[in-house]
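Data first, discussion second: the structure below is written as structure tokens.
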Amino acid sequence: MEKKINNYQISNERLYLRSHNINVCFRVIIDGTFNKSYIEESLKKLYIRHPLLKYSVDIDDENNAWLVQKNDLINIEYYNSNEIDWQRWYKKNQNVEFDFFHGALVKFCVIMGENTEIIVFGHHIIGDGMGYLILTKDFLLALDNRIEEIPQIPPFETKEKYFKKTVPLNIFEKIYARSFNKKWRKSQVKFLEKDYSVFFEQYKNKYIPNIFMNSIEGNDVKNIMEKSKASGLSVNELIVSAFSMAIMKFFNQNKIRLGVAASIRNELVSEPNNCMGNFVTGITLEANYNKLKDFISNAKKTAVALRNKLENIKKRHLVVHFLNEIDKDLIESIMFAVYGLFDNPVSKKLAKLIGVQTARKSLGISNLGRHDFNGYNNFKVNDIQFIGPSFPSHLLTLDVITINEKMNICLIFNESEIIIENIKKIYEKGIELLIHGKNAS
């Protein structure tokens, strides 16, 4: 089917189209105040800069999903600081379905008090972590009256031309992928809109997301940087290793499954540059823990496994190519099979293969790296926090962003599987290893 003009087909993200908890959130604390009219004028500039803010979802007669420009709806709420806590606002919105067909797919909240808190909350379909970080940065520039009102149009390429350089599936991998489609056609089900609402309620009963947030700064961050340089490991590799080992120690196991997000923005035929959008892939691997070796030795082993996947083009792009071979209806059925009441062996087998249905003791990682938020003319940015998508296949998901010299960490977890007291114990052990870890025992 040919692309509709100015519309964008949803392909490999189809898995999470109806998974309403797959959201991204940023919270910004600004030393300064703004009136509502100024905030809304700034948002209008933001909507010019990022046209995806105006898009909703359309399903055509062939059940293809499209992002379609429908409206300029700005979904924003205002509160005084004594009326609501930002985490309460976040959790409330995690339990509300996005109106995919009318919009908006991004919500904004402003909490006014001694400081101004701005919360950006949107669905993963129109933006990955980096996409929403770009949006947040541009919102601040708009508030500082320095935004360029030049539309940042996301690129569209067919799946055959998606990457500048890649290794596509070989014939046997394609046959294997298409074998799922063949089996699915014998037992497939067409879901109605009412089915999705029922599924969402079933999903909420099984996956109850909660967050634990903390930060490290000063000498602790300096120690991590020095350890990174001395060990030859990146900061991200140290973070992944520390929290992997913390979970393994907590559950007294010697291996764990990892799911790591990886940006592909600079690998596409048409680079997205500074636009919003979902330009991310993912890899999975197994990390092992040797009790007889120290933290750095274990971390180096994990780093080798990470690099083996991330630096290999075929492995890095595998999930994108594979899902593009799978029937879109089968992809959409996976979440019904795992979290709803849809009992289909093909859906469940595919869910297990791609890691949606798996052992729960797994860790997801999304690290946006280090960013400076200085030099604004009209205000000072005091802090920025990041909550990534709460992929339910993980026991917990680790989100990290370093602002100036402060590392903000968020752990997202399923309350129905692990209590917050245990999350705190895992966090404390992870930080201990990250900052002071030499001996792993």
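The values are calculated or read from the model by the stated rules, or taken from the named source; none is laboratory data. If you're wondering where the values come from, they're calculated on a predicted model, not measured in any experiment. Counting neighbours? That spans all protein chains shown, and the Cβs are built from the backbone with ideal geometry, glycine included.
For the reader, a short list of remarks on this structure follows.
- Scan of the range 263-277 for residues that are in a loop (DSSP other than H, G, I, E, B), closer than 23 Å to Phe391 by Cβ and in contact with a Pro (Cβ under 9 Å, 6 or more places away or on another chain), ordered by number: Pro272, Met276
- The set of residues from the range 240-286 being crowded, with 16+ Cβ neighbours inside 10 Å, touching a residue at least 60 places away in the same chain (Cβ under 8 Å), closer than 23 Å to Asn422 by Cα and more than 17 Å from the chain's Cα centre (by Cα) comprises Ser241, Ala242, Phe243, Ser244, Met245, Ala246, Ile247, Lys249, Phe250, Ile256, Arg257.
- Of Ser19, Ser56, all but one fail to be under 23 Å from the mean Cα position of the chain (by Cα), of a type in the set (S, T, N, Q) and assigned to a strand (DSSP E or B); the exception is Ser56.
- Within the range 214-237, at least one residue is outside any helix (DSSP H, G or I), out of contact with any Lys or Arg (no Cβ under 6 Å at 6 or more places or on another chain), within 30 Å of Tyr162 (Cβ to Cβ) and outside the structural domain of Lys91 (by TED's automatic domain parsing).
- Matching residues in the range 337-372 - criterion: being of a type outside the set (Ser, Thr, Tyr), in a helix (DSSP H, G or I) and modelled with pLDDT under 85: Val338
- Selection status of Ile431, over 12 Å from Ile211 (Cα atoms), aliphatic (A, V, I, L, M) and at pLDDT 95 or above: yes
- The sole residue among Arg88, Arg146 that is on the phi < 0 side of the Ramachandran plot and free of Cβ contacts under 8 Å to residues at least 24 places away in the same chain is Arg88.
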